Every structure is written in structure tokens, then in C-alpha cells.
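Peer 1: The following block contains the structure, expressed as C-alpha cells.
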Amino acid sequence: MSNQSNAQRVKEREAALRQLLSERIAFLDGGMGTEIQQYKLSEEDFRGDRFKDHQGDLKGNNDLLVITRPDVIANVHRSFLEAGSDIIETNTFNATKISQADYHMESLVPELNVKAAQLCRKVADEFMAENPDRQVFVAGGLGPTNRTASLSPDVNNPGYRAINFNQLKEAYYEQAKNLVEGGVDTLLIETIFDTLNAKAAIFACYDLFDELGYKLPIQISVTITDRSGRTLSGQTVEGFWASVAHARPLSVGLNCALGAKDMRPHVEDFNRLADCYVSCYPNAGLPNAFGEYDDTPENMANVLAEFGDQGWLNLVGGCCGTRPAHIKAIAERLKQCPPRKIPNFEPVMRLSGLESLVIQ
């Protein structure tokens, strides 16, 4: 497909997505990792024939399954669409050369992202062909990596950094470029625990857009790591928004770490602050002693409906532990809730450190 054709397709898909978001709350998918665990895959499943002699263990490298077990990933995508998801996310949470270094698979990153996007696109297109009354979209997932640019991993050397901004930017650029090549509709920078990592991802996306000559919508989702109300790198929600608002995202919101109930004050903050759409896709509660998630579909849907009834939300889904039954319950419970109206704010200067400083 030519660059001009790609640009036109992206423009049409963005218009369709914005139309959906103006009419009702849209529904994201649930936890990819949780669904993969249900298949109880072996080391051989992750390796396939192609990687049977690869050094080191590959079990747990879920991103690799788009090559070795695409049937599993396609089934997961379809299960969420059938449950009511309007947006499904590519299986690329760790598909950067930074994260794939753990498996000695840095060279595979372009293929992982292109194939993940193509697979997700194929499932979405087939679903729409079978359900002409449904418009569904593909988000290219950019995970946080397993490095932090703001904090030292060595308590004895606070000045040390395991990675720098330019390394992150290069890794995110490679991932975003290949996701776009595979046919995604948006780029979702998610599970952000370090705002500097997120800013590298934003910078990479805009570098890519300059090269392409057209822009995809960017979605941004941060993780509040505990009840302190701050990210792992120490920012409040208001400070975080001041740090990323320049990206003019399609949506901003929260995912992971907390269950729906504990996200309430932070969703309310984004509703108060953001001049874009607001998203929320929590875990199915906090993990229990066995690392499992116990929140039921009905309870999770009821809690999120409280936010929806307040008019705080535009996109809702689930993260760790959320299965198709959760998404189905959420979609059924929130389909009548009014979508949040994007407010118009008077322009002010917002500066960000760990907290926000507003100069009026």
C-alpha cells in the first residue's frame, strides 16, 4: 500500500473512531497474558520449529507467540471482540529490543511488531465482515520496557541509569514504525510507570510521523503503582498530565496496578484536567497470595459504572486478570452511560515536576 493510501486509511479510521467516541463509551479488550495462561503452553509451544535450537528459555515471551502460535493470539483477539470490545490491542507489550534482550531476540523485533499488527488487523477485519453493524479498531501497544530512565536500579549508586532517553527513543521508534507498517489504527503508550520513558515514546512517535508525512492518534495510559496516588517515578496524576499534554493525545487515562475501586480518585483527576478523551482499564482487583485476580465481572462492571454514570469516561476495558466475561459484563453495564464530554479550558501555563505548578 502506498504512503498516500496509508495516510488516507489512517485518516478515515481516526474519523470513525472519533465518531464512535462522540456517541458512546467505547470498550477496550482485557488481559492478554491472562488469556494466554489459560492455554497452558509449553516451552515447545513458544519455540515452535523455527526456534527449537535458540539459546535460553523462551517460555513467557508472549510476544513471540504471534510467530509460533498465532492461532492462540488470534483466538484471544476474537474472544474479546465477541465479548463487546471496540478496540483490541496488539500482542506487543514487550516487543522492543530493550525487553527482547532478555531472550536474545533483539533482531526479531521488526518481525514481531509487523506480524502482531497484521494478525490483529486480520482478526478485526474478519470480525467486521461477519458483523457489518460493528466498527472495531486496532491499537498498537507500546509497553513501558523493563528499564527506567528516571531511577537508579542500584541503591548504592543513585546517579546510575540502566538506560538513557535516546536508547528508549530509538527502541520505541523501531516498534512504532513496524506497528504502523502492520496496519494499526492508533498507538497506545501504556502501563507507564516512568514519565521519562513515556516522553521518549511520544518523541519517537512524532519523529515517525514527520518521516511518514501523516499522524496516527496517540493514546496514553499511566499506572499509579499504589494508594499513594503517584507513579513509580513519583509523579501525581496532575503532574503527569502536565508532562504529556503537549502530545495532544486522543485519550489519556489509567491502567494496571490497581483494581477499579482504587482508581476512582485518579479517574476523577483526569476528568477534571484532560482536554481529550479519558480511558480506564484496571486490573481485576489486586492480586491475591497466589498472584491471581479475584474481582468478579459483575463487581468490576458495577464499580466502573459508577464512574460512567458520573460522565467521567470515554474508553473502558480491563488489564491483568480481566477475561472476556469481564469485558462482556462491563460493556453490557456501561453501554447506557453517557460518554464524557471534552471540556474547553482557558489556556494556562502548567509546569511539571513531581507535582504540577499552574501559573494563571
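Peer 1: What number of residues within segment 233-258 satisfy the criterion of being outside any helix (DSSP H, G or I), farther than 16 Å from ILE189 by Cα and touching a residue at least 40 places away in the same chain (Cβ under 8 Å)? Show your work before the answer.
Peer 2: We begin by selecting, within segment 233-258, every residue outside any helix (DSSP H, G or I); these are 233-236, 248-258.
Still in the running and farther than 16 Å from ILE189 by Cα: 233-236, 258.
Going one step further and asking which of them are touching a residue at least 40 places away in the same chain (Cβ under 8 Å), we end up with 233-236.
The number of residues fulfilling the criteria is 4.
Peer 1: Follow-up question, since we're still on this one. Pick out the one residue from TYR206, TYR214 that is assigned to a helix (DSSP H, G or I) and either in contact with a Lys or Arg (Cβ under 6 Å, 6 or more places away or on another chain) or at pLDDT 95 or above (or both). Working first, answer last.
Peer 2: Values: TYR214 fails: assigned to a helix (DSSP H, G or I).
Just a single option satisfies the conditions, and that option is TYR206.
Peer 1: Another question about this same structure. On the given criteria, is GLY318 within 17 Å of ALA83 (Cβ to Cβ) and assigned to a loop (DSSP other than H, G, I, E, B)?
Peer 2: Numbers: within 17 Å of ALA83 (Cβ to Cβ): yes; assigned to a loop (DSSP other than H, G, I, E, B): yes.
Criteria met by GLY318.
Peer 1: Within segment 265-305, track down each residue that is surrounded by fewer than 17 Cβ atoms within 10 Å (Cβ to Cβ), outside any loop (DSSP other than H, G, I, E, B) and in contact (Cβ under 8 Å) with a residue 40 or more places away in the chain.
Peer 2: GLU268, the sole residue that qualifies.
Peer 1: Looking only at segment 150-200, which residues are acidic (Asp, Glu) and farther than 22 Å from LEU119 by Cα?
Peer 2: Start the filter on segment 150-200 by keeping residues that are acidic (Asp, Glu), which leaves 154, 170, 174, 181, 185, 190, 194.
Residues satisfying the conditions are ASP154, GLU170, ASP194.
Peer 1: Name, by its number, the condition in (1) of a type outside the set (Val, Ile, Thr); (2) closer than 17 Å to ASN255 by Cα; (3) modelled with pLDDT under 95 that does not hold for TYR281.
Peer 2: All conditions are met except number (3).
Peer 1: Of everything in segment 250-277, what is in contact with a Cys (Cβ under 7 Å, 6 or more places away or on another chain) and farther than 18 Å from ARG18 by Cα? Give them in sequence order.
Peer 2: Looking only at segment 250-277, we keep the residues that are in contact with a Cys (Cβ under 7 Å, 6 or more places away or on another chain), and these are 250-256, 263, 267.
LEU254, ASN255, CYS256, MET263, VAL267, listed by residue number.
Peer 1: Among the numbered conditions (1) of a type in the set (A, V, I, L, M, F, W, C); (2) within 12 Å of VAL66 (Cβ to Cβ); (3) without any contact (Cβ under 8 Å) to a residue 40 or more places away in the chain, tell me where VAL76 comes up short.
Peer 2: Unmet condition: (3).
Peer 1: Still on this model: Say we look at segment 290-346 and pick out the residues that are touching a strand residue (DSSP E or B) at 6+ places or on another chain (Cβ under 9 Å) and among the β-branched types (Val, Ile, Thr); which of these is nearest to ASP275 (Cα to Cα)?
Peer 2: Result: ILE342.
Peer 1: Being surrounded by 16 or more Cβ atoms within 10 Å (Cβ to Cβ) and outside any helix (DSSP H, G or I) is the filter here, so list the residues in segment 1-46 that pass it.
Peer 2: ILE25, ALA26, PHE27, LEU28, ASP29, GLY30, GLY31, LEU41
Peer 1: Restricting to segment 333-360, name every residue that is surrounded by 15 or more Cβ atoms within 10 Å (Cβ to Cβ) and modelled with pLDDT of 95 or more.
Peer 2: Scanning segment 333-360 gives ARG333, LEU334, CYS337, PRO339, ARG340.
Peer 1: Out of PHE137, PHE165, report the one residue that is touching a residue at least 60 places away in the same chain (Cβ under 8 Å) and either surrounded by 20 or more Cβ atoms within 10 Å (Cβ to Cβ) or farther than 20 Å from GLN219 by Cβ (or both).
Peer 2: Numbers: PHE165 fails: touching a residue at least 60 places away in the same chain (Cβ under 8 Å).
Checking each option against the conditions leaves just PHE137.
Peer 1: Among the numbered conditions (1) at negative phi; (2) loosely packed, with under 14 Cβ neighbours inside 10 Å, tell me where LEU65 comes up short.
Peer 2: All conditions are met except number (2).
Peer 1: Can I ask one more? I'd like to know if segment 166-180 contains one or more residues that are among the β-branched types (Val, Ile, Thr), outside any helix (DSSP H, G or I) and modelled with pLDDT of 95 or more.
Peer 2: The initial filter retains those residues of segment 166-180 that are among the β-branched types (Val, Ile, Thr), namely 180.
This time we only want the ones that are outside any helix (DSSP H, G or I), so: none.
There is no residue in segment 166-180 that is among the β-branched types (Val, Ile, Thr), outside any helix (DSSP H, G or I) and modelled with pLDDT of 95 or more.
Peer 1: Taking interchain pairs and intrachain pairs at least six residues apart, which have beta carbon atoms under 6 angstrom, with the first residue in segment 109-125 and crowded, with 24+ Cβ neighbours inside 10 Å and the second in a helix (DSSP H, G or I) and not acidic (Asp, Glu)?
Peer 2: Close Cβ pairs satisfying both conditions: ASN113/GLN175; ASN113/ASN178; ASN113/LEU179; ALA116/VAL66; ALA117/LEU179; ALA117/GLY182; CYS120/HIS77.
Peer 1: Scan segment 217-237 for residues that are surrounded by 24 or more Cβ atoms within 10 Å (Cβ to Cβ) and more than 20 Å from CYS319 (Cα to Cα) and jot them down.
Peer 2: Listed by number, the list holds a single entry, GLN235.
Peer 1: Residues in segment 206-226 that are more than 20 Å from the chain's Cα centre (by Cα) and either under 16 Å from GLU355 (Cα atoms) or of a type in the set (A, V, I, L, M, F, W, C) (or both): how many?
Peer 2: 1
Peer 1: Follow-up question, since we're still on this one. Of VAL244, VAL222, which residue is β-branched (Val, Ile, Thr), closer than 18 Å to PHE93 by Cβ and touching a helix residue (DSSP H, G or I) at 6+ places or on another chain (Cβ under 7 Å)?
Peer 2: Values: VAL244 fails: closer than 18 Å to PHE93 by Cβ.
Every option except VAL222 fails the conditions.
The values are calculated or read from the model by the stated rules, or taken from the named source; none is laboratory data. These numbers were taken from a predicted model, which means no experiment stands behind them. Positions of Cβ are backbone-derived with ideal geometry, glycine not excepted, and every protein chain shown enters the neighbour counts.
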